[in-house]
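Reviewing the structure listed below.
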Amino acid sequence: MMLSNSSKYAVKAVLYLALHSNEDHKIMVKDIAKPINVPQAYIAKLFQQLVKESIISSTRGPKGGFYLTTENKNQSVIKILNIIDGEKRLTSCMLSLEKCDEDKPCPLHAILSPSRNKIIENLKDKTLEELALDVKQGYSYLPL
């Protein structure tokens, strides 16, 4: 179970918003790209998907930009990953076998499945607000 670059970029960009934006302070994509080291066009494409799915909010116009509402911040991290990569990315076989499951497991299934299931549960339980708070309190690091 590996995260795609798109998912990594999306999580970094959304966390940047969680730390620096609100309904009164919106942020433009160009202002996010450099601090998190992700190309501006890439962030813009990811943000289109995330706005469409109500993970982040945006406003057009001179005072427009992207931001997170309280409702956005209370969403789980796994929603971002599922929107960007699809739900199967986190649950697919590590050996890329199509028919790997509990009834017909691949050689790595018994080793990896319990860990993967725990990771998925943790991603479901962890909100964007909680991740941002960890960064603010110094428990985790995000270049800003």
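Bear in mind these aren't lab numbers, they're just calculated from the coordinates by the rules spelled out. Quick caveat: nothing in here was measured; it's all calculated off a predicted structure. Every residue, glycine among them, receives a Cβ derived from its backbone with ideal geometry; neighbour counts consider all protein chains shown.
Note on residue 34 and residue 22: the extension gain reaches 2.3 nm, defined as 0.36 nm multiplied by sequence separation minus the Cα-Cα distance. Springs between Cα atoms under 10 Å define the GNM used for the chain, and in it the highest mean-square fluctuation of 131, 123, 112 occurs at 112. Close amide H pairs (under 5 Å, H built 1.01 Å from N) link residue 76 with no residue at least 5 positions away or on another chain. Coupling constants for the stretch 35-46 follow from the phi torsions by the Karplus curve (6.51 cos²θ - 1.76 cosθ + 1.60, θ = phi - 60°), and in residue order they are x, 9, 6, 10, x, 4, 5, 5, 4, 4, 5, 5 Hz; glycine and proline get x.
The magnitude of the dipole of the chain, with charges of +1 and -1 set on the Cβ of Lys/Arg and Asp/Glu and taken from the Cα centre, is near 500 debye. Shown for 7, 54, 115: other C-beta atoms within 10 Å of each C-beta, ranked fewest to most, produce the order 115, 54, 7. Between helix 109-125 and the chain there is an angle of about 30 degrees, using the helix long axis and the longest principal axis of the Cα atoms.
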